[in-house]
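Novice: Supplied in structure tokens, the structure appears directly below.
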Amino acid sequence: MATLSYASGAKIPMDSLPYLGTRHYMCLNLGGGWHSALFEAEGGEARTGYGGLLEIKYKYIPRHWGIGIGAQVSSYHSTALFNHNYAQTFIHNDNNLQYTLNSQFKDWEESQDILSVEIPFSIQYASNNNGKWGFILGFGATLSIPVIKEYTAQKGQFTTSGWFESTNVEYEGLINHGFQNKEAGQSDEITNMTTHLGAHLELGLNRAMGQKSDFYMGLYAYYGITNSVIHQEKNIYDGENYIGAFGSNQIREVHPFKTGVKLGLRFDLKDKKREKEAEQIVEKRREEREKQKEIAAAAERLKRERNLQEQKERIRLKEENDQQMERDKEKIEAFHKAALKEKKEATLALKKITDEATYAYPNSIPTFPEEIERSFDIVYTYLAKNPNVTLLVVGHTDNTIKEDKSFTIGQKRAEAFKQALIRKGIPEERMECISKGNTQPVASNNTKSGRELNNRTELKLRGGVVEE
């Protein structure tokens, strides 16, 4: 067995390697399956049959695509069943009278057996994946030449009778006049079959058996495209003889068809030149594998470097993100502290306004000394910076007046504070004035100092995002 040596010194059998150079094959195949002549019988029923083939073929495949040509011997079998009456007009030889010949067929079964020599021409595709198994696809045209074509009446019978119009009498059983019962058993050659052209398709697998031989198994199909019979305008019984279905006017077209399984052997016609080509291919493949290894190693190194770089970049981005989050946190805390400081200053300013507001006499409207002017500015600035903050102004009194009047006085006190704030630029719609009258004292109304504490006006900030 021929072998190749790698640089490492390992020996590799030639037949274990897929060969991609020019290939020459001689194939010997046997097959069988559904082989039949397809036709339609006007007065009968067509049935199919089985057959086989013997094939020898040469294939030339430069790489994957190639051509094939060969010779086949194929057999076809079909059957026609008749249960029909055929009528035709003749002139009787004895009396020159016109009569109608009626031929009544009953369970008449005729078989057709055809043996053809066929020349297939194929376009071939061959794939060898691992040196042992290969896939084969073939398709093309086939020239078919019928060499043996016979029909046989296997069973059944037909009866002939003659009806004479002049006497209005139908005669039967007159053998001398051709009116009789005929039993099956006739056979003869089909004379009107001709060469025809068809198309074929084949799918198969081959398994390497040795250095120069393969076992082949496949599926095949063939269909006769052109008509394989010359149509005749004769009746199936001409008054004297039964001439067969294909030679009569009962069948106009016949198309041979076959499909089945094919098994065989394929021999590789290798030579020294081809073995040298194979060695070159193997060496080229070795070089390609080494090159692929180098490329794969370089790709792996590049991948590792890229992964390392990506890891460094992720760490850098995380550090930047953490630093940015810390800066954002500091900004938020600074903003919160500033906002809280502003709110405290505004709250103190409101308290100062309420504390320094004076009342000329108990339950009077308050007045505001000029010394608290800056406190109004602080409130205005805070409300301008915080558009979602509003003011609640609540007026209170002591219990030296009636309760219903105390609510009126409390409301007027709240309105007086509101007007003072409006004069400083604070929008009216951002303030709400209510009165609690004398219902919410913060000290005893039994003393002067307590009543002074109860006669008050409270200002409260409402809304905002910063809470103490």
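Novice: Check whether at least one residue in the range 426-438 is touching a His at 6+ places or on another chain (Cβ under 6 Å), touching a residue at least 12 places away in the same chain (Cβ under 8 Å) and over 30 Å from GLU333 (Cα atoms), and report yes or no.
Specialist: yes
Novice: While we're looking at this one, here's another question. Can you pull out the strands (runs of 3 or more DSSP E) entirely within the range 118-202 that have at least 2 residues that are of a type in the set (Lys, Arg)?
Specialist: 133-164
Novice: Also, I was wondering about something else. Can you find even one residue in the range 177-188 that is at pLDDT 90 or above and either among the polar types (S, T, N, Q) or surrounded by fewer than 17 Cβ atoms within 10 Å (Cβ to Cβ) (or both)?
Specialist: yes
Novice: Do we have GLU253 as part of a strand (DSSP E or B) and either within 24 Å of GLY33 (Cβ to Cβ) or at pLDDT below 85 (or both) here?
Specialist: Criteria met by GLU253.
Novice: Also, I was wondering about something else. Can SER74 be described as under 29 Å from ALA141 (Cβ atoms), out of contact with any Asp or Glu (no Cβ under 8 Å at 6 or more places or on another chain) and of a type outside the set (D, E, K, R)?
Specialist: Considered against the rule, which asks whether it is under 29 Å from ALA141 (Cβ atoms), out of contact with any Asp or Glu (no Cβ under 8 Å at 6 or more places or on another chain) and of a type outside the set (D, E, K, R), SER74 comes out as no.
Novice: So for the range 66-82 (the condition being outside any strand (DSSP E or B), touching a His at 6+ places or on another chain (Cβ under 7 Å), touching a residue at least 60 places away in the same chain (Cβ under 8 Å) and surrounded by 14 or more Cβ atoms within 10 Å (Cβ to Cβ)), does at least one residue qualify?
Specialist: No, every residue in the range 66-82 fails to be outside any strand (DSSP E or B), touching a His at 6+ places or on another chain (Cβ under 7 Å), touching a residue at least 60 places away in the same chain (Cβ under 8 Å) and surrounded by 14 or more Cβ atoms within 10 Å (Cβ to Cβ).
Novice: Hey, any hits in the range 323-333 for a residue that's assigned by TED's automatic domain parsing to the domain that holds ILE434 and either of a type in the set (Lys, Arg) or at pLDDT below 85 (or both)?
Specialist: no
Novice: If you don't mind, there's one more thing I want to ask. Among the candidates ILE353, ILE426, ILE378, single out the residue that is under 30 Å from HIS336 (Cα atoms) and either in contact with a Ser or Thr (Cβ under 6 Å, 6 or more places away or on another chain) or at pLDDT 90 or above (or both).
Specialist: Only one candidate passes the filter, namely ILE353.
Novice: Turning to a different aspect of this structure: What are the residues in the range 381-407 that are part of a helix (DSSP H, G or I), surrounded by 15 or more Cβ atoms within 10 Å (Cβ to Cβ) and not polar (S, T, N, Q), if any?
Specialist: Selection gives TYR382, LEU383, PHE407.
Novice: Then there is this: Of all residues in the range 429-468, which are of a type in the set (A, V, I, L, M), at pLDDT below 85 and outside any loop (DSSP other than H, G, I, E, B)?
Specialist: Scanning the range 429-468 gives no hits.
Novice: Find the residue count for the range 85-101, including only residues that are in contact (Cβ under 8 Å) with a residue 40 or more places away in the chain and surrounded by fewer than 18 Cβ atoms within 10 Å (Cβ to Cβ).
Specialist: Number of matching residues: 7.
Novice: Among the residues in the range 78-95, are any over 30 Å from HIS196 (Cα atoms) and among the charged types (D, E, K, R)?
Specialist: Among the residues of the range 78-95, at least one is over 30 Å from HIS196 (Cα atoms) and among the charged types (D, E, K, R), which makes the answer yes.
Novice: Among what's in the range 205-235 and is within 23 Å of GLN154 (Cβ to Cβ) and touching a strand residue (DSSP E or B) at 6+ places or on another chain (Cβ under 6 Å), pick the residue that is surrounded by the most Cβ atoms within 10 Å (Cβ to Cβ).
Specialist: Residue satisfying both the conditions and the ranking: SER228.
The values are calculated or read from the model by the stated rules, or taken from the named source; none is laboratory data. This one's a predicted model, so the numbers in the text were calculated from it and none came from an experiment. Heads up, the Cβs are rebuilt from the backbone with ideal geometry, glycines too, and the neighbour counts pull from every protein chain shown.
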